[in-house]
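Undergrad: Dropping the structure in here first, questions after.
No lab work stands behind these numbers, since they all come straight from the coordinates. Bear in mind the structure is a predicted one, so any value in this text is a computation, not a measurement. Please note: Cβ atoms are built from the backbone with ideal geometry, for glycine as well, and neighbour counts cover all protein chains shown.
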Amino acid sequence: PLCGSVSSHVLEQSVYLIELGLKSVDVEQMTKREVEKEVTAVLEAFAADEGKGIDMDRMRSVIQQMRRQHLSDIETSPHELFSGELIGAFLYAPEFAPGAVGSSEALKQRLDRPTTLASLLEWSSSRWAELCKRWLLNPESNPRITVIGTPSKACGERIQNEDAARVKAQKEKLGEAGCKAAGEAVAKAEEENDVDTPDEVAQSFELPDVSKITLIDVSSVLVDGTAGTFKEALGKDAGAIKHLLESAGGAGDLPWASMQFDHVAGAQFVDCQVMLPLDGVSQKQLAVLPLWIDVAFSLPLSASDAGPALDYESTVKAMDDITVSKGCSVGYRGGRFSAGAASNMLFFEMRVEKATYDKAPLWLARILADAVFDADRLRIAAKRILNDVPNTKRNGKALSRLAMRAMSYRDDGAVGALNAFRMEKVLEKLLKG
């Protein structure tokens, strides 16, 4: 509840930079607390008593999830993953330094991240504690600084006034003739930059034979749960998939839903997606829908035929144990303050390994049907969202998009419910009540 998000990054340069970030922090809390001391206290508690307080099950769960995410990236965006690792090795690995002689071991380690992560599974709590002490707490081995940025209207006005004075002084120094000459120089540079690539340069590159480009073959089957029908849509394997679905469950066993099964031969990960219409949701319910979306995968679950009762920590752990990624939004992959495509639908998705595909629909069903709306969890989520509202107010592009949506959609719809200003009023009223 004290900040919008907590993040960490390792920036690879000639010297590594470890960054811990607390974003959208409540300004009032900033004046009451000493941020550096509190963060240090958390790290010291982590490393105390040789790491006896470290939740090793949680650590292993996170490491396994990182392994799944890496393998998933290889499948979905290999061009980005491999190019990033190659560029990183070329820039910073000692084997690639000018005049260096040696193997490409650093590059191999970068590309074989699962092996590195597997070795971390064997680490003891004391080893994790030592790592924390050396790289996050020890001022000699890893000195650190704390930067606190506080919003300041006076500072913003001072920067604007200084910039205006700088521009005025520059104009006076250059004079009318100098300003004209500078403008002509800029225009000439822009004209040179806008020159089209000569045809002979473009034609010197040999075009690939498009007949040799292999496309990813997708086979799809459409299922109408109401009518109990299976329909081959496209793909060479559609017939086999249809037969498999028909033999797995008869027409009378199908849920009342329209489903689409897409199959790609060789894929090692599965996306499970659910879209639910919002037509029957009242305006009052829509107003608080963003709050549920924010905590959908971190609420306690009640006992049901699908599984036992779970507290919120167990729910979070279960999600991390099986998923590569997960999400919930208004519309297809929308944001906290914006709806995605098909904004009249509530969108859930979960990406898992092929071996655990059968668990994904079950967990999505539990998230939808067994959620316990714990007041404490909702209160924390409301404060987290409110802490993030000022970021939107300070973002000119975000405000422009918000205004465009306000003019294009009704206020009493799902898009209107995600308006940051309207959400701020609703959540503040909820917290006061």
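Undergrad: Give me the Kirkwood hydrodynamic radius of the range 32-88 in Å, from all C-alpha pairs, to one decimal place?
TA: One over the average 1/r among Cα pairs gives 14.5 Å for the range 32-88.
Undergrad: Of (i) -0.51; (ii) -0.63; (iii) -0.55, which is the value of log10 I(q)/I(0) by the Debye sum over Cα atoms at q = 0.07 Å⁻¹ derived from the coordinates here?
TA: This structure yields the entry labelled (iii).
Undergrad: Run the reach check for K383 against aspartates and glutamates, Cα to Cα strictly under 12 Å, same-chain hits fewer than 8 apart removed. What comes back?
TA: Result set, ordered by chain and number: D26, D294, E424, E428.
Undergrad: Using every Cα-Cα pair within the range 1-126, state what percent have a distance larger than 17 Å.
TA: The proportion of pairs with Cα distances above 17 Å equals 73 percent.
Undergrad: In whole angstrom, note down how far apart the Cα centers of the range 57-95 and the range 362-433 are.
TA: With the range 57-95 and the range 362-433 each reduced to a Cα centre, they are spaced 33 Å.
Undergrad: Mind jotting down the distance between the C-alpha centroids of the range 148-171 and the range 1-40, whole Å?
TA: Between the Cα centres of the range 1-40 and the range 148-171 lies a distance of 26 Å.
Undergrad: Which shape class, rounded, prolate or oblate, goes with the range 166-237 when its Cα gyration tensor gives a ≥ b ≥ c as root eigenvalues, a/c under 1.5 marks rounded, and past that a/b bigger than b/c marks prolate? Could you put the intermediate results ahead of the total?
TA: Numbers: a/c = 8.53, a/b = 2.35, b/c = 3.63.
It is oblate, given that a/c is not under 1.5 and a/b is not larger than b/c.
Undergrad: Near K236, which lysines are there with a Cα under 28 Å away, not counting those fewer than 8 places off in the same chain?
TA: By straight Cα distance, K236 reaches K212, K354, K359.
Undergrad: Using each residue's phi in the range 145-161, evaluate 6.51 cos²θ - 1.76 cosθ + 1.60 at θ = phi - 60° and report the 3J(HN,Hα) Karplus result to the nearest Hz, with x for Gly and Pro.
TA: Result, rounded to whole Hz: 10, 10, 10, 10, x, 10, x, 9, 5, 4, 5, x, 5, 5, 5, 5, 5.
Undergrad: Just the number, please: Stokes-Einstein D of the range 340-431 in µm²/s, Kirkwood Rh from C-alpha pairs, 25 °C, 0.890 mPa s.
TA: Rounded, D is 154 µm²/s.
Undergrad: If packing is taken as the mean number of other Cβ atoms within 10 Å per residue, what is the order of 181-191, 50-60, highest first?
TA: 50-60, 181-191
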